[in-house]
Amino acid sequence: MHLWLALGLMLVLVACAQTRGLEGNSKDGGGRDETQAQLPEYPKTENFLPLRVSATTPFDFYVDAKSVGVGNDGVVQYSVIAKSPDGTLNVSFEGMRCTERKFRVYAFGRPDNTWSEARSSPWQAIPADSRNAQRAVLYRDFFCPAGRIINTPEEGVQALRSGGHPRAMLSGF
């Protein structure tokens, strides 16, 4: 009887440990520790920094200056806002891995100015084409110039304010 109780307790502990690994600090496929992103304050218009993506896109893009962060895990985090021609805002909080040219979405903005965490958002390659071109521009010209991560959030914000990072000319995305 005690053996079954002990075995049952061990199974519960293993299940809890596996669930905790999925929710919080877990190892990703690259072997580095990755912590769950802390959602920033919802973006406010006064903190929007314009992001020139392409003359052919009908959307205006912005990055929320207050949301830019650089993690110890080598991920740049930021909120990006896409404004449609009719004024509709599409907001997302994302992460970017410079060494791997990948991104993921942590959360989407709701109409009531709150976040909805993404249920499943694996790391994906940043395409070099016009599909979601804002990510390629953020990678190449602002957050990962020449394939190297910015050192501080301030460095990323300064690059956005000045229209590009000084190392961006060396980048060959």
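To keep it simple, each residue is scored yes or no on (1) aromatic (Phe, Trp, Tyr); (2) farther than 17 Å from PRO43 by Cα; (3) in contact with a Leu (Cβ under 7 Å, 6 or more places away or on another chain).
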site	(1), (2), (3)
ASP60	no, no, no
ILE81	no, no, yes
PRO153	no, no, no
SER162	no, yes, no
PRO166	no, yes, no
| note | The residue that is surrounded by the most Cβ atoms within 10 Å (Cβ to Cβ), considering only those in segment 122-132 that are within 14 Å of PHE103 (Cα to Cα) and either free of Cβ contacts under 8 Å to residues at least 60 places away in the same chain or more than 15 Å from the chain's Cα centre (by Cα) (or both), is ILE126
| task | Scan segment 84-115 residue by residue and report those that are exposed (fewer than 11 other Cβ atoms within 10 Å of the Cβ) and at negative phi. | result | PRO85, ASP86, THR88, PRO111, ASP112, THR114
| said: Only one of THR99, THR88, THR114, THR19 is at pLDDT below 90 and either assigned by TED's automatic domain parsing to the domain that holds CYS144 or over 24 Å from ASN151 (Cα atoms) (or both). Can you tell me which? | reply: THR19
| query | Across segment 109-121, what is the total count of residues that are free of Cβ contacts under 8 Å to residues at least 60 places away in the same chain, closer than 25 Å to LYS44 by Cα and in a loop (DSSP other than H, G, I, E, B)? | reply | 6
| task | Please verify whether segment 101-108 includes one or more residues that are outside any strand (DSSP E or B), more than 14 Å from the chain's Cα centre (by Cα) and farther than 23 Å from LEU89 by Cα. | result | no
| note | Residue hits (segment 49-96; of a type in the set (Gly, Ala, Ser) and outside any strand (DSSP E or B)) are SER54, ALA55, ALA65, SER67, GLY71, GLY74, SER84, GLY87
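The values are calculated or read from the model by the stated rules, or taken from the named source; none is laboratory data. Computed from a prediction, not measured in an experiment: that's the story for all the values here. Neighbour counts run over all protein chains shown; Cβ positions are idealised from the backbone, glycine included.
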